[in-house]
Amino acid sequence: MLQNLRTFFRTYRKQLQTAGVFLLLGLAYFLLTQLTPLRIPCIFQKITGFACPGCGMTHLCMRLLRLDFAGAAGENLAAALLAPLWLAGILIRALWNPAWFSKGSRAENILLWGSVAVLLLFGVLRNLPGLEFLLPSYLR
C-alpha cells in the first residue's frame, strides 16, 4: 500500500502541486472574506437572478472549516453529497488503483457523468417554487 501511495504521488505530482496552489488560494480567499467585506459574486446569479449549481460553495467551504457539516450541506446540498463520493474515488485510485476504476473506465465515467447530471438537476430544482430550502443561506 505504501508503494502504491509513492507511485500515486510520483505519477500525479503536477496535479497535486496544482491542487496545493488552489488550496492556498482558497485559504487566502477565506482570510480575505473574514477580514474584509469583499466577496466574489456569482455572475450567473447576477445576470439571471437564479442560483447556479455552484452557488453557496464559498459558504459551504467556510462552514466546513468551522466543522459545521449540517450548515455546509444547507449551503450546497449537491456538492455536500458528491464530495465524499469523489474523495472515495480519489482514495481508491491512490491506494489500490483497481482496473475497474482506472482512467477512462466505466466506473469513472459513471461517477463523472452522474455528478454532472446531479448538478444540472440540482441547479434546476433549487430555483423552483417550494424548494427554496435548497438555496444557499444568503439567497433565502
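The values are calculated or read from the model by the stated rules, or taken from the named source; none is laboratory data. The structure presented is a predicted model; accordingly, all values stated were derived computationally and were not measured. So basically every Cβ, Gly included, is an ideal-geometry build from the backbone, and we count neighbours across all protein chains shown.
Can you confirm whether the stretch 90-108 contains a residue that is among the aromatic types (Phe, Trp, Tyr), out of contact with any strand residue (DSSP E or B) (no Cβ under 9 Å at 6 or more places or on another chain) and either surrounded by fewer than 12 Cβ atoms within 10 Å (Cβ to Cβ) or not in a helix (DSSP H, G or I) (or both)? If you could, list the steps in order and put the result at the bottom.
First, pick out the residues of the stretch 90-108 that are among the aromatic types (Phe, Trp, Tyr): 96, 100-101.
After this cut, where a residue has to be out of contact with any strand residue (DSSP E or B) (no Cβ under 9 Å at 6 or more places or on another chain) as well, the list is 96, 100-101.
Checking which are either surrounded by fewer than 12 Cβ atoms within 10 Å (Cβ to Cβ) or not in a helix (DSSP H, G or I) (or both) leaves us with 96, 100.
Taking every residue of the stretch 90-108 in turn, at least one turns out to be among the aromatic types (Phe, Trp, Tyr), out of contact with any strand residue (DSSP E or B) (no Cβ under 9 Å at 6 or more places or on another chain) and either surrounded by fewer than 12 Cβ atoms within 10 Å (Cβ to Cβ) or not in a helix (DSSP H, G or I) (or both).
Scan the stretch 45-91 for residues that are in contact with a Pro (Cβ under 7 Å, 6 or more places away or on another chain) and among the acidic types (Asp, Glu) and the total you get is 1.
In the stretch 10-28, the qualifying residues are those that are surrounded by 11 or more Cβ atoms within 10 Å (Cβ to Cβ) and within 13 Å of Ala94 (Cα to Cα), and the one that is nearest to the chain's Cα centre (by Cα) is Leu16.
Restricting the first member to the stretch 14-25 and to residues that are in the same structural domain as Cys61 (by TED's automatic domain parsing) and touching a residue at least 24 places away in the same chain (Cβ under 8 Å), and the second to residues that are surrounded by 10 or more Cβ atoms within 10 Å (Cβ to Cβ) and not aromatic (Phe, Trp, Tyr), no beta-carbon pair is closer than 6 Å while six or more apart or on different chains. Contact map, the stretch 102-119: residues that are in the same structural domain as Leu85 (by TED's automatic domain parsing) and among the basic types (Lys, Arg) paired with residues that are in a helix (DSSP H, G or I) and surrounded by 14 or more Cβ atoms within 10 Å (Cβ to Cβ), Cβ distance under 9 Å, separation 6+ or inter-chain. Pairs shown: Lys103/Arg93.
Answer with yes or no whether Glu132 is within 27 Å of Ala51 (Cβ to Cβ) and touching a Pro at 6+ places or on another chain (Cβ under 6 Å). Spell out the reasoning first.
On the way: within 27 Å of Ala51 (Cβ to Cβ): yes; touching a Pro at 6+ places or on another chain (Cβ under 6 Å): no.
Criteria not met by Glu132.
Annotation: Thr33 fulfils all but one of (1) in the same structural domain as Asn4 (by TED's automatic domain parsing); (2) at pLDDT 95 or above; (3) touching a Ser or Thr at 6+ places or on another chain (Cβ under 9 Å); the unmet one is (2).
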